[in-house]
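Every number here is computed from the coordinates shown, using simple stated rules; none is lab data. Values in this document were obtained by computation on a predicted structure and should not be read as measured data. Neighbour counts run over all protein chains shown; Cβ positions are idealised from the backbone, glycine included.
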Amino acid sequence: MKLKLKYFGKLAETAGLQEEYKELESADTLAELKRIVFEEYKFEDSETIQVAVNQQLNENKTLKEGDEIAFLPPFAGG
């Protein structure tokens, strides 16, 4: 399954890129994809990182071919 991954803010700096396409065979849930990406890029503070699938926050989403996944760092309000 081919997915488009986007990284923002500090996460883009840590990963060294803002977006990439990933071909994944074993990840069909968002939780599994997060595990793979967090392990690969050594993202810290995993509890505060939000992930959106096709511009919607939904932790229980099942992934499908062509989905766009955005990794969002913690936001500070004011």
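Observations, loosely collected:
- Between Thr48 and Leu24, the FRET efficiency estimated from the beta carbon spacing at R0 = 22 angstrom works out to 0.35.
- Taking the longest Cα principal axis of the chain as reference, the axis of helix 30-41 is set at about 60 degrees.
- Between Lys2 and Asn58, the simple spin-label model (points 7 angstrom out along Cα→Cβ) gives 2.3 nm.
- Within a Gaussian network of the chain (alpha carbon springs, distance under 10 Å), most fluctuating of Asp45, Asp28, Asp67: Asp45
- For the chain, the mean residue ellipticity at 222 nm estimated from helices alone is -6500 deg cm²/dmol, where every DSSP H run of n ≥ 4 contributes -39500 (n - 2.57) and the total is divided by all residues, rounded to the nearest 500.
- Within the shell defined by Cβ-Cβ distances under 11 Å, the residues around Gln55 carry a net charge of -1, with Lys and Arg each +1 and Asp and Glu each -1.
- In the chain, trypsin sites (Lys or Arg not before Pro) in a DSSP loop with at most 16 other beta-carbon atoms within 10 Å: Lys42, Lys64
- Spin-label model, Lys10/Leu72: points 7 Å from Cα along the beta carbon direction are separated by 1.6 nm.
- If only the Cβ of Lys and Arg carry +1 and only the Cβ of Asp and Glu carry -1, the dipole of the chain around its Cα centre is close to 180 debye.
- Contact order normalised by residue count of the chain, Cα under 8 Å, 6+ apart, percent: 42
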